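Undergrad: The following block contains the structure, expressed as structure tokens.
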Amino acid sequence: MSRPSEDRNALKVESADQIQWHDERDVVVVGFGGSGVAAALEARYHCVSVLAVDRFFGGGATARSGGVVYSGGGTEFQKAEGFDDTPEEMFNYLRQETGDAVKEETLKRFCDQSATNLRWLQSHNVEFAGQIPPVKTSYPSDKYYLYYSGNEAVGSYAKHAKPAPRGHRAKGPGLSGASLYAPLKASALARGVELQVQSDVRRLVCDDSGAVLGVEVRRLMADTPAARRHKRLSQLATSLHNYSPKIAFKIRRKVTALEEEAGVIQYIRARKGVILTAGGFILNREMVEQYGPKYREGLPLGTAGCDGSGIQMGMGTGAAIDRMDKLSAWRFINPPLAWAQGIVVNDQGERYCNEEVYGAKLGYEMVEHHNGRATLILNKALFKQAFNQVLPGKIWFFQTAPALISMYLNSKKSKSISELARKINVPEAALAGTVQRYTDAANGLAEDELGKSSGFLAPLDQGPWYAIDVSFNSSVFPCPMITLGGLRVNEETGQVLNRQGEEISGLYSAGRNAVGVASNLYVSGLSIADCIFSGRRAGGSAARIGVETGQVMEEQVCTETANEAG
């Protein structure tokens, strides 16, 4: 449920002595998902006390994700499959996706540390494997755990960077997010990170200088009827969200009301710093309307914690925000592969994007430049191939179901292109010309005007023809979306910056709570990879920098975690 920003303004006090603190730790982590657990582990590595506070039970969007980590530069799994990737080639590719979201030196550091961060995950018992799927896919089956998870092999990208598969899917059944997160959580708890659940951090506590001293929490006490009902309702909302988001939002309103009625206000002191890792704002309808109104009709992809509260709390201390208009809509049309061999047209009957690209690139072009309109054109041969490619057992159910429903409940069939154009309300001559030029390219008579690879081309001169509505606002084929903007941070330390570009003492942020590597155009695995990169950065910085002095303290490493350096 969306919650107003005005109650997120920081509580101002003259000094820490003015507050009756209920608990105290060196570092307090707000939100215990992917970036939160990475921050907590890194802070513990530097031998400080860490308390993670989560509104629910931890995991966040990471635990509900596909569990893909975008990693390259020569990982052991790339090498085992015969790919000689380098940090330089990874950088050359990602610069095309990340734009100016972060400085070049930050992206270079991200790429240089990529293989090391994957080994760090393995040191905390996250398992990965090789084996590359034989064809391009948006998410591989349980047989495959390394794949091209972005646009690496698309011609317009490959001419700038040698392609390599960098999508490292955590080994586990189904969507692997839980398989990635669970070992990290277990490792953190085993190493002394403390976790306080069902505790909604309402706002930050600051002194007269603006330094962050701690947090105000509304906590449901353990083993109470309110806590048990809160758990049941929040789990029900999460399970229903992708199938009935309206019902899920109603349930979340009950969750919020329960927190307000039964929550106990407590204050937790953070001697060294607070790290905001509470996720993005995709489930906050008001914030989406404010910052990304073009995206209000998509399917929010996230968990109840993705309500923008961490961003709002940062803003409540005077923090700067950036790239809040950067949302990512995922219009995947492969699998089935035959769909990607067809063409996608706008309301003028014209193609506007190479259909072999990663779904977030197609979604970006669709929403940002073509009013969210997308119609997939296939002929009988491709339609038949697509049906065979999505039969149960061949791909995931979440890929099969929308494809079959769209083909049989959301398509229009015609015996001529002119008739098809009239049915989908696009100019007849324009659609006919688009189909003819595409067919000429497929037959080798011309280059494809959008640079599509030969393996994704198929002639469309033989009918009948089908038009499938894959527009952004399709109720039959919902388009998932996430947010990418957040708090501005010092890219060396993860320390949050105020509106004047100055560091806010005692405040750090990571993951989708902050601007990062993934805050431009998205590819699978880039968000989790950034969560690990930025989470470790913030955790290490908070552990080493003193709040009172702002000076880097002498580095201290706990002996029980010394073998995890990387």
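Undergrad: Which one of K361, K254 is modelled with pLDDT of 95 or more, more than 30 Å from P140 (Cα to Cα), of a type in the set (D, E, K, R) and open to solvent by 20 Å² or more (accessible area, probe 1.4 Å)?
TA: Working: K361 fails: more than 30 Å from P140 (Cα to Cα).
After applying the criteria, what remains is K254.
Undergrad: Step by step: first the residues of the stretch 320-376, then only those that are in contact with a Ser or Thr (Cβ under 6 Å, 6 or more places away or on another chain) and among the aliphatic types (A, V, I, L, M), then the one that is farthest from V489 (Cα to Cα). Which residue is that?
TA: So the residue we want is V345.
Undergrad: Could you tell me which numbered condition Y243 fails, if it satisfies all but one of (1) under 24 Å from the mean Cα position of the chain (by Cα); (2) modelled with pLDDT of 95 or more; (3) open to solvent by 60 Å² or more (accessible area, probe 1.4 Å)?
TA: Exception for Y243: condition (2).
Undergrad: Same structure, new question: I'd like the full set of residues that are of a type in the set (V, I, T) and within 22 Å of A38 (Cα to Cα), limited to the stretch 112-165. Reasoning before the result, please.
TA: Keep residues of the stretch 112-165 that are of a type in the set (V, I, T), which gives 116, 126, 132, 135, 137, 154.
Correct list: T116, V126.
Undergrad: Of all residues in the stretch 97-120, which are within 15 Å of Q78 (Cβ to Cβ) and touching a residue at least 40 places away in the same chain (Cβ under 8 Å)?
TA: Start the filter on the stretch 97-120 by keeping residues that are within 15 Å of Q78 (Cβ to Cβ), which leaves 111, 114-119.
Matches in the stretch 97-120: S114, A115, T116, N117, L118, R119.
Undergrad: Quick check, is A129 farther than 24 Å from Y157 by Cβ, assigned to a loop (DSSP other than H, G, I, E, B) and out of contact with any helix residue (DSSP H, G or I) (no Cβ under 6 Å at 6 or more places or on another chain)? Even if it seems obvious, please write down each step before you answer.
TA: Details: farther than 24 Å from Y157 by Cβ: yes; assigned to a loop (DSSP other than H, G, I, E, B): yes; out of contact with any helix residue (DSSP H, G or I) (no Cβ under 6 Å at 6 or more places or on another chain): yes.
Spelling it out, A129 is indeed farther than 24 Å from Y157 by Cβ, assigned to a loop (DSSP other than H, G, I, E, B) and out of contact with any helix residue (DSSP H, G or I) (no Cβ under 6 Å at 6 or more places or on another chain).
Undergrad: Mind listing whichever residues of the stretch 409-420 are in contact (Cβ under 8 Å) with a residue 40 or more places away in the chain and not in a loop (DSSP other than H, G, I, E, B)?
TA: From the stretch 409-420, those in contact (Cβ under 8 Å) with a residue 40 or more places away in the chain are 409-417, 420; that's our starting set.
Correct list: L409, S411, K412, K413, S414, I417, L420.
Undergrad: Right, another one. Which of the residues belonging to the stretch 414-448 are surrounded by fewer than 18 Cβ atoms within 10 Å (Cβ to Cβ) and in contact with a helix residue (DSSP H, G or I) (Cβ under 6 Å, 6 or more places away or on another chain)?
TA: Result: S414, S418, E428, A432, A446.
Yes or no, residue by residue, for (1) touching a residue at least 60 places away in the same chain (Cβ under 8 Å); (2) acidic (D, E); (3) in contact with a Pro (Cβ under 9 Å, 6 or more places away or on another chain):
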{"residue": "T434", "(1), (2), (3)": "yes, no, no"}
{"residue": "D440", "(1), (2), (3)": "no, yes, yes"}
{"residue": "E449", "(1), (2), (3)": "yes, yes, no"}
{"residue": "Q462", "(1), (2), (3)": "yes, no, no"}
{"residue": "I482", "(1), (2), (3)": "yes, no, yes"}
{"residue": "L507", "(1), (2), (3)": "yes, no, no"}
{"residue": "N513", "(1), (2), (3)": "yes, no, no"}
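Undergrad: Here is a further query. Pick out, from the stretch 301-408, the strands (runs of 3 or more DSSP E) lying fully within it that include 3 or more residues that are among the aliphatic types (A, V, I, L, M) and in contact with a helix residue (DSSP H, G or I) (Cβ under 9 Å, 6 or more places away or on another chain). Give the derivation first.
TA: On the way: elements: 327-329, 343-345, 375-379.
It comes to 343-345, 375-379.
Undergrad: Let me ask something else. Looking at the stretch 11-44, which of its residues are buried (at least 24 other Cβ atoms within 10 Å of the Cβ) and either touching a His at 6+ places or on another chain (Cβ under 8 Å) or farther than 28 Å from R229 by Cα (or both)?
TA: First, pick out the residues of the stretch 11-44 that are buried (at least 24 other Cβ atoms within 10 Å of the Cβ): 27-44.
Of everything in the stretch 11-44, those that are buried (at least 24 other Cβ atoms within 10 Å of the Cβ) and either touching a His at 6+ places or on another chain (Cβ under 8 Å) or farther than 28 Å from R229 by Cα (or both) turn out to be V27, A38, A39, A40, L41, E42, A43, R44.
The values are calculated or read from the model by the stated rules, or taken from the named source; none is laboratory data. Keep in mind that this is a model prediction, so the values were computed, not measured. FYI the Cβ positions are ideal-geometry reconstructions off the backbone, even for glycines, and counts take in every protein chain you see. Just the protein is used for accessible areas: all its heavy atoms, side chains included, with ligands, DNA and RNA removed. Shrake-Rupley method; radii C 1.70, N 1.55, O 1.52, S 1.80 Å.
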